[in-house]
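Data block below; observations after.
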Amino acid sequence: MTPLAALLSIMFFPAGITLILSGMLYEWADRKLVARFQNRIGPRWFQPLADTIKLLTKEEIKPQGLKSLLFYGLPIVALTGALTAALYAPILGFSPIYSFPGDLIVTLYMLSLMTMCIGLAGWNGSSRFSLIGATRSFTQLFAYEAPFLLALLGPAMAANSWVIKDVSAYAEGHYWMILTQPVGFVIALIGLMGKLELPPFDAPEAETEIVAGALTEYSGRGLALFHIGKSVELVVAVSLVTAFYLGGIGNPLLFLIKTLVIVLLMALLQAMLTRLRIDQTVGLWWRYGALLALLQILILILLKGWLA
Amino acid sequence: MNFPQNYVSQLMEKITTWARINSPWAIHFNSGSCNGCDIEILATLTPRYDIERFGIKLRGSPRHADVLICTGPVTRQARERLLRTYEQMPEPKFVVVVGSCGISGGVFQGCYNVVGHINEVLPVDAFIPGCPPRPEAIIDGIVKLLAHIQRGTRPALVIKPGVQEAA
Ligand code: SF4
């Protein structure tokens, strides 16, 4: 790494601010695109920023009968998890600043930490809505986690490495893996939406049924931290899928365009599909998602054995 | 010595107000209306009027909301729930009344089961008249409320006493 690149990556990543701001911009792109698909004008570009600042300056109410440590601690842990995951991911087309053997697995679990925290936050609540939301969050976690992992495992196996950097370098030097492993790409994309609890997988926070799911009792700062964590998670996960399936890191501008294409696809799916029931979500993942991902990995193993 | 600190706090104040008027999240409560006003509020949320362009979002939970949109007169049964919903909202919070019933009791004035208009129970920041008001009127009312917040003027937080409990 040249000194300039090192300086840039330190300025851009651990500082977190750029990361959070880019997360907000992605969130805005997503909301705006959904609005355009619904023939609306949509939010202004600073909307997520205004939402976050407003939430941060609002009063935070702690309902009676909750464990304070969990109530105040969980949002912080969730955000920390998302920001830590960002250290190992190729954000905005810059190569990840840290990497060690096996960082792919660590990153994926850091991303799941967010869902765990939301689930626990709901579990800690005294309201029945947050309890139902928490149950649904955990159920959905068990549904999409394995297929999503398997979908990202495909490129890792093709590249023979558990390091995000190596996999994206491999992806850069070969055919785009969306062509060689199309099933994996679809599963990764849909898994991404499940991870972020976007429609049609928004049963855990279905506002028409269970108020606001696990975060019903959160107000002000806690809610803001969860929101920031979610938008950071969006950036990290989108970057990972792009780097793995759409031809590696390449140059930052091209990378940005590719990530926006993924956001566009996600917005299209969000605008098109309606919410699935939680049992339909689980059925979808375990009946089709996991099996297809396993099948693809089997084919990959056989092909590798045959070619070697 | 004091000057920079003042300056910083003024700046913070400005940023806070800016964020507040650009992202009012609303919650909708019907305390006994005939549903006419509620339907107009729902019409306001449709893509045709698209209030997300002002940053207005309808939230399910009062804990997430800034603006309480009330419709209808307050019935004896709904009074407790209305107050509770209001108290569950974190500060700063604003109340908007939609429809003539919420302003004066309207056609339900003097009913045996009605406490009265909303301002007898909650401190109201904006009234939107009409029976029911059109979506444009509702948007106009909300925008006026936002201007009100920007100027930093609010009615005093006094809950009016003298709500009659006996029949
Ligand atoms: S103002 Fe008119 S439409 Fe609204 S609740 Fe009263 S009677 Fe119904």
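The values are calculated or read from the model by the stated rules, or taken from the named source; none is laboratory data. Computed from a predicted model, the values in this text were never measured in an experiment. Positions of Cβ are generated from backbone atoms using ideal geometry, with glycine treated the same way; all protein chains shown enter the neighbour counts. Ligands, DNA and RNA are excluded from the accessible area calculation, which covers all protein heavy atoms including side chains. Shrake-Rupley method; radii C 1.70, N 1.55, O 1.52, S 1.80 Å.
What tally of residues in the range B:84-116 results from selecting those that are more than 14 Å from every other protein chain (Cβ to nearest Cβ), open to solvent by 30 Å² or more (accessible area, probe 1.4 Å) and either under 15 Å from the mean Cα position of the chain (by Cα) or within 16 Å of the ligand (Cβ to nearest atom) (or both)?
Looking only at that region, the number is 9.
What are the residues in the range B:54-83 that are touching a Phe, Trp or Tyr at 6+ places or on another chain (Cβ under 6 Å), within 14 Å of chain A (Cβ to nearest Cβ) and either within 12 Å of the ligand (Cβ to nearest atom) or open to solvent by 40 Å² or more (accessible area, probe 1.4 Å) (or both), if any?
Residues satisfying the conditions are B:K57, B:R59.
Take the residues in the range A:60-71 that are among the aliphatic types (A, V, I, L, M) and under 27 Å from the mean Cα position of the chain (by Cα), then tell me which one is surrounded by the most Cβ atoms within 10 Å (Cβ to Cβ).
The initial filter retains those residues of the range A:60-71 that are among the aliphatic types (A, V, I, L, M), namely A:61, A:66, A:69-70.
Next cut, under 27 Å from the mean Cα position of the chain (by Cα) only: A:69-70.
Numbers: A:L69: 9, A:L70: 15.
Once the filter is applied, the top-ranked residue is A:L70.
Among the residues that make up the range A:135-147, is at least one of them modelled with pLDDT of 80 or more and over 18 Å from the mean Cα position of the chain (by Cα)? Let's see the steps before the verdict.
Here is the first cut: in the range A:135-147, the residues modelled with pLDDT of 80 or more are A:135-147.
Subset that is over 18 Å from the mean Cα position of the chain (by Cα): A:135.
Within the range A:135-147 (the criterion being modelled with pLDDT of 80 or more and over 18 Å from the mean Cα position of the chain (by Cα)), the answer is yes, since at least one residue qualifies.
If B:A26 satisfies all but one of (1) in a strand (DSSP E or B); (2) in contact with a helix residue (DSSP H, G or I) (Cβ under 7 Å, 6 or more places away or on another chain), what's the number of the condition it fails?
(2)
Pull out all pairs, ordered by first then second residue, where Cβ-Cβ is under 7 Å, the residues are six or more apart or on different chains, the first lies in the range A:196-216 and is within 14 Å of chain B (Cβ to nearest Cβ), and the second is outside any helix (DSSP H, G or I) and open to solvent by less than 10 Å² (accessible area, probe 1.4 Å).
Every condition considered, the pairs that remain are A:V211/B:S61; A:A212/B:S61; A:G213/A:A206; A:T216/B:S61.
Going by the conditions given, is B:F127 of a type outside the set (K, R) and away from every other protein chain (no Cβ under 14 Å)?
Values: of a type outside the set (K, R): yes; away from every other protein chain (no Cβ under 14 Å): yes.
Judged against the criteria, B:F127 is a match.
Return the residue satisfying two criteria in turn: it lies in the range B:27-53 and is more than 10 Å from the ligand (Cβ to nearest atom) and more than 16 Å from the chain's Cα centre (by Cα), and of such residues it is nearest to A:A214 (Cα to Cα).
Filtering first and then ranking leaves B:E52.
Being crowded, with 19+ Cβ neighbours inside 10 Å and part of a helix (DSSP H, G or I) narrows it down to one residue among A:G305, A:G283, A:G222; which is it?
A:G222
Within the range B:117-136, can you find the residues that are under 27 Å from B:G60 (Cβ atoms) and within 14 Å of the ligand (Cβ to nearest atom)?
Of everything in the range B:117-136, those that are under 27 Å from B:G60 (Cβ atoms) and within 14 Å of the ligand (Cβ to nearest atom) turn out to be B:H117, B:I118, B:F127, B:I128, B:G130, B:P132, B:P133, B:R134, B:P135.
Tally time: how many residues in the range A:29-59 are at the interface with another protein chain (Cβ under 7 Å from one of its Cβ atoms), touching a residue at least 24 places away in the same chain (Cβ under 8 Å) and open to solvent by less than 20 Å² (accessible area, probe 1.4 Å)?
Adding up the residues that qualify gives 2.
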